[in-house]
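Taken together, the values in this text are just the output of simple stated rules run on the coordinates, not laboratory data. For clarity, every value in this text was computed on a predicted model and none was experimentally measured. Heads up, the Cβs are rebuilt from the backbone with ideal geometry, glycines too, and the neighbour counts pull from every protein chain shown.
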Amino acid sequence: MTSWVEADLAEVCTLITDGTHHSPPNSACGDFKYVTAKNIRPWGLDINDITYVDAETHRGIYARCPVEYGDVLYIKDGVTTGIAALNTLKEPFSMLSSVALLKPDRMVLDSSYLKHWLNSPGAYRSMTGEMTGTAIKRLVLKQIRATRIQVAPLPEQKRIADKLDSVLARVDACRDRLDRIPALLKRFRQSILAAATSGRLTEDLRQSGAIGDAGAQIAQWLKERSNTDKKPPADPDLTHWDLEAPLGWIICSVSQFAECLDRLRVPIKRELRKNSSGLYPYYGANGEVGKIDEYIFDDELVLVTEDETFYGREKPIAYRSSGKCWVNNHAHVLRAPTKTANDYLCFALMYYKVIPWLSGTTGRAKLTQQALNTLPIACPPGTEMMEIVRRVETLFAFADRLEARYAAARKQAGQLTPALLAKAFRGELVPQDPNDEPAAELLKRVAASRAEAPKARRGRKSA
């Protein structure tokens, strides 16, 4: 890197400024696009949700910030500070002050090289270490202009930028493919559960003649609970049910399959939870939400989300709890007669399409205890149920291993971009050519050329 040199950004840019400091009226249609930090992405401008300003407003902003095609845009305010992008629009537009405009001197500095350098870990540390502000952190133009940049010979800059464009495009493509895996795994798990609770997963058992009697099993469970149940279990509400039970299975309600223990739930104020040492899990609609010193349950349970707010989320709506715990009144509590039955019940309810059974206003609807008790589920005989649970656990373990490998690969992919950028600006990404004019000589020549150029005369200010 003997041919490289350090310089202030102000030395290698012809203009460093930002957009308007007063947010103008803007709307979904108008004369000129209005770009803010939300529109800046490392790959360019995202104009999917762009807004517009009128021509008069644009003239005032553009006089201060004349952005052109190929200029570098840099977020300098807020949580996304540090993202740089090339301007890919060939039309004039207005900008807010959250975005800085850097016009590189093309005789000294390549635009793509500057963009990549601004996105590098070293540049980020240099920039953000000087951020000011309390409510919203921001960089001021003076700090940006004084930031030091490693300037390579101009031909080498172009080689570095071209190499980074090529390699980072492959990294982004890899990351995009990896990002599709969580959705695939979710569909895989859902398909396993759908096959398990419809009988398709164990169809081979029934074809071999292993057919039990789920009806007798349910009758036995209800007989055992008859002394503790305060009221008889509800029949299944089949209004929205369209699946037929396989041979030997029975369609029963949740309350016929398991006992509802909602009467034992107790909510606790957050202030009291903060003062506890956290011996036992404290469950709510979204799973474990904290720890608490006491417990009200010590059993194998299935907890079911009560609030509509949590339906359609990534997490399943039912989950298992084993051992001592506390449950608040945002999760229903179910207990099946055996651990195997408990596991099967959880599998049946994890992604249950409960929306038709909800009651209340949209956005605040709930799965009431009464509705939960009438949810229909397909119940297999005991022996087949055990095999279903075993197969589901095996397939889920396989999915968990895939998920762990995905997480490791995603972490590695996330480290590639900063590692490549750091390597590039250490001078290690592309070969150096001794025939390239050293950056220091180029800067001297350009500085001398600027000094010899006649200064533009200022016009008289209008009154």
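Values computed for the structure shown
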{"quantity": "Over the chain: helical MRE at 222 nm, DSSP H runs n ≥ 4 each giving -39500 (n - 2.57), nearest 500", "calculated": "-12000 deg cm²/dmol"}
{"quantity": "Global form of segment 348-446, assessed from the alpha-carbon gyration tensor, a/c cut-off 1.5", "calculated": "oblate"}
{"quantity": "Sorted by Cβ density within 10 Å, fewest first, the residues Ile250, Ile149", "calculated": "Ile250, Ile149"}
{"quantity": "Order of Thr202, Thr305 - criterion: other Cβ atoms within 10 Å of each residue's Cβ, fewest first", "calculated": "Thr202, Thr305"}
{"quantity": "Inter-part distance where segment 46-89 and segment 131-203 are each reduced to a Cα centre, Å", "calculated": "22"}
{"quantity": "Alpha-carbon centroid distance for the pair segment 284-349 / segment 404-446, whole angstrom", "calculated": "50"}
{"quantity": "Coil-residue GluC sites (Glu not before Pro) of segment 392-436, DSSP, other Cβ within 10 Å capped at 16", "calculated": "Glu428"}
{"quantity": "Neighbour-count ranking [beta-carbon atoms within 10 angstrom, fewest first] of Trp326, Trp241", "calculated": "Trp241, Trp326"}
{"quantity": "The chain shape via C-alpha gyration tensor axes, a/c threshold 1.5", "calculated": "prolate"}
{"quantity": "Residues of type aspartates and glutamates that Lys223 reaches as a straight line, Cα spacing below 17 Å, ignoring anything fewer than 8 places off in the same chain", "calculated": "Asp213, Asp235, Glu259"}
{"quantity": "Cross-link pairs beyond the 29 Å C-alpha cut-off, checked among Lys137/Lys186; Lys315/Lys411; Lys38/Lys291; Lys137/Lys163", "calculated": "Lys137/Lys186; Lys38/Lys291; Lys137/Lys163"}
{"quantity": "DSSP-assigned coil residues among chymotrypsin sites (Phe, Trp or Tyr not before Pro) in segment 51-91, each with at most 14 further Cβ atoms within 10 Å", "calculated": "Tyr69"}
